[in-house]
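Chemist: Mind having a look at this structure? Questions to follow.
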Amino acid sequence: AKENSTTGNNSGYLSFWTLEGSVAFAERGRFSSTGLFGIGQVSPSYNLDVTGAGHFTTYVDAANFVATSTSVASTFGYRVGIGTTSPYSLLTLYKAGSTAANSPQLVFSASSTVAGLGNALNNWAIGTDLADGGKFKIASSSVIGTSDRLVIDGNGYVGIGTAGPNGQLQLSNY
């Protein structure tokens, strides 16, 4: 079908329709003149633009995965890999590097300060510090290796308030 009402512009689209019961036809999919395909979407903006729920029986391979809604409910039945195509557990974070900032880590960040607690509690990071022998750390900052609060090294030594525990448990005053 013709995609517009402009004289001389013969761009067209291909649409797919189904009959709902015996009453009315409904458009279910559309290829635009630029090659974009929409499912449940008559004006696709992406190579594949889906409105409504979807189901994949194998994995989705994407360079980026972005949830654009705060009400997204996602269920991953097997494994999720971030930074890897070979996740080995339910959630695998992988990042190659040699600095704390390039270490695999999760960051919990608040958009504002909590009244009375100050800025130090806005961000928390948890992960493996590749710049410090692969120690597991929890830090009250946006990157491990700074403001570390808990450290576990390769020997199983635990440090609270120290980056280098010297025994099974070392507590340090701030």
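Chemist: State in Å² the accessible area per residue of region 1-58; use a 1.4 Å probe, count heavy atoms of protein chains only, and round to the nearest integer.
Modeler: 76
Chemist: Put a dot 7 Å past each Cα toward the Cβ at residue 96 and residue 26; how far apart are the dots in nm?
Modeler: Going from the residue 26 label point to the residue 96 one covers 4.8 nm.
Chemist: Apply 1/(1 + (r/R0)^6) to the Cβ-Cβ distance of residue 131 and residue 84, taking R0 = 30 Å, and write down the FRET efficiency to the nearest 0.05.
Modeler: My answer for the efficiency is 0.90.
Chemist: Using alpha carbons only, what's the Rg to Rh ratio of region 1-62 with Rh from Kirkwood?
Modeler: Taking Rg over the Kirkwood Rh, I get 1.07.
The values are calculated or read from the model by the stated rules, or taken from the named source; none is laboratory data. The structure presented is a predicted model; accordingly, all values stated were derived computationally and were not measured. Because the Cβ atoms are built from the backbone with ideal geometry, glycine has one as well, and the counts that use them run over all protein chains shown. Remember, those area values only see protein heavy atoms, side chains included, never the ligands or the DNA or RNA. Shrake-Rupley method; radii C 1.70, N 1.55, O 1.52, S 1.80 Å.
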